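What follows is calculated from the coordinates using simple rules that are stated; it is not laboratory data. Small disclaimer: the values here were computed from a predicted structure and weren't measured. Positions of Cβ are generated from backbone atoms using ideal geometry, with glycine treated the same way; all protein chains shown enter the neighbour counts.
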Amino acid sequence: MKNMRDKNSTNSGFTCANCGRTVSPAAKTARNHCPFCLWSLHVDSVVPGDRAADCRGKMEPVALFQKRDEWTVIHRCEKCGKELPNKCAPDDSFEALLNLTALQQ
């Protein structure tokens, strides 16, 4: 499934490399993190869903912030250290988001 914002991006389901759960494609944009544990993989380079990054390291959710009415998770790659923001999805686990805010305290 293609991302609605970018004709070159991909939105597909996957098995989470962290928790092993099956993750379905997102409804409107490229799914880039697990909604259960919030972990991601370093697969995108410039545009969410482009799947052009060579790193492929696991990305740990390290922070959560709000900008206007939108919540964003910051992921840090365990392999190369790059940090990338990812918008929260409507189906992200509320408990996982709360746990992430507790880590920031």
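For the chain, what is the calculated [θ] at 222 nm in deg cm²/dmol (nearest 500), taking -39500 (n - 2.57) for each run of four or more DSSP H residues and dividing by its residue count?
Per the formula, -3000 deg cm²/dmol.
With unit charges on the beta carbon (Lys/Arg positive, Asp/Glu negative), name the residue among 24, 97, 72 whose Cα is farthest towards the positive pole of the charge dipole of the chain.
24
Using a Cα-Cα cut-off of under 16 Å, which aspartates and glutamates could be cross-linked to residue 82, ignoring same-chain neighbours fewer than 8 residues away?
44, 54, 60
Just one of (1) 1.09; (2) 1.22; (3) 1.00 is Cα Rg over 2.2 N^0.38 Å calculated from these coordinates, so which is it?
(3)
With the chain treated as a Gaussian network of Cα nodes joined by springs under 10 Å, which of 28, 67, 82 yields the largest mean-square fluctuation?
Highest fluctuation among the options: 67.
If contacts are Cα pairs under 8 angstrom and at least 6 residues apart, what is the relative contact order of the chain in percent?
Once normalised by length, the contact order is 20 percent.
Could you give the angle, 0 to 90 degrees to the nearest 10, between helix 94-104's Cα long axis and the longest principal axis of the Cα atoms of the chain?
Approximately 60 degrees, to the nearest ten.
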